[in-house]
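A.B. asks: Take this structure first; my questions come after.
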Amino acid sequence: ENDLEVAATKCDQEMAEKDNEIDEVSDDLEVKVEVLAKMQEKMKNYAERYNRLRDEFDQLRTTASSNDREKHRLEQQIAKAKQRNRARALSKTDPNIAAMKVK
């Protein structure tokens with residue numbers, strides 16, 4: 001009987017130790033799950049921010065390209081206006097140039 005009681009007590013102690021180990025592992029697992037959830041949320045936020053920044057960059061690139069085209073068009077207009085002004089100034093001083101057409 002005494003051996004049975006000792007064996008039962010030992011078994012109860014081992015079971016209690018295993019229950020404690022299981023609780024510790026479960027607690028650790030819960031913490032890791034929480035950390036993982038936070039990491040996933042941060043990754044989602046980073047992905048959203050990256051997508052917003054990429055879209056803004058694309059818009060800025062499109063705007064810059066459009067501005068470059070407009071700048072080039074205006075530079076051409078300025079150059080033509082300067083040519084016409086030079087031609088007018090010359091035509092006032094040189095009658096032969098007055099007969100030429102300037103586009």
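The values are calculated or read from the model by the stated rules, or taken from the named source; none is laboratory data. No experiment lies behind these values; they were computed from the predicted model shown. Cβ atoms come from the backbone with ideal geometry, glycine included; neighbour counts cover every protein chain shown. The accessibility values were calculated without ligands, DNA or RNA, using every heavy atom of the protein model including side chains. Shrake-Rupley method; radii C 1.70, N 1.55, O 1.52, S 1.80 Å.
A.B. asks: Could you tell me what percent of the accessible area of the chain is made up of carbon and sulfur, with a 1.4 Å probe and every protein chain present?
C.D. replies: With neighbouring chains kept in place, the figure for the chain is 55 percent.
A.B. asks: Kindly express, to the nearest 10 degrees and within the range 0 to 90, the angle between helix 2-93's C-alpha long axis and the longest C-alpha principal axis of the chain.
C.D. replies: Relative to the chain, helix 2-93 is tipped by roughly 0 degrees.
A.B. asks: While we're on this one: Where only protein heavy atoms count, and the probe is 1.4 Å, what is the accessible area per residue for the chain in Å²? Don't skip to the answer; put the middle values down first.
C.D. replies: Numbers: 9900 Å² over 103 residues.
Dividing the accessible area of the chain by its residue count gives 96 Å².
A.B. asks: Only one of the values (i) -0.50; (ii) -0.31; (iii) -0.73 was calculated from this structure for log10 I(q)/I(0) by the Debye sum over Cα atoms at q = 0.11 Å⁻¹; name its label.
C.D. replies: Here the calculated entry is (iii).
A.B. asks: Sticking with this structure for a sec: For the chain, what is the charge dipole size about the Cα centre, in debye to the nearest 20, if Lys and Arg each add +1 at the Cβ and Asp and Glu each add -1 at the Cβ? Spell out each step's value before the answer.
C.D. replies: Details: 21 positive and 23 negative charges, 854 e Å.
In total the dipole reaches around 4100 debye.
A.B. asks: Just to be sure I follow the rule: in the chain, considering lysines 8 or more places apart or on different chains, how many pairs have Cα atoms under 17 Å apart?
C.D. replies: 10
A.B. asks: Separate question: In the chain, with Lys and Arg counted as +1 and Asp and Glu as -1 at Cβ, which of these residues, Ala47, Ala79, Ala89, has the Cα nearest the positive end of the dipole, that is, farthest along it?
C.D. replies: Positive-most Cα among the choices belongs to Ala89.
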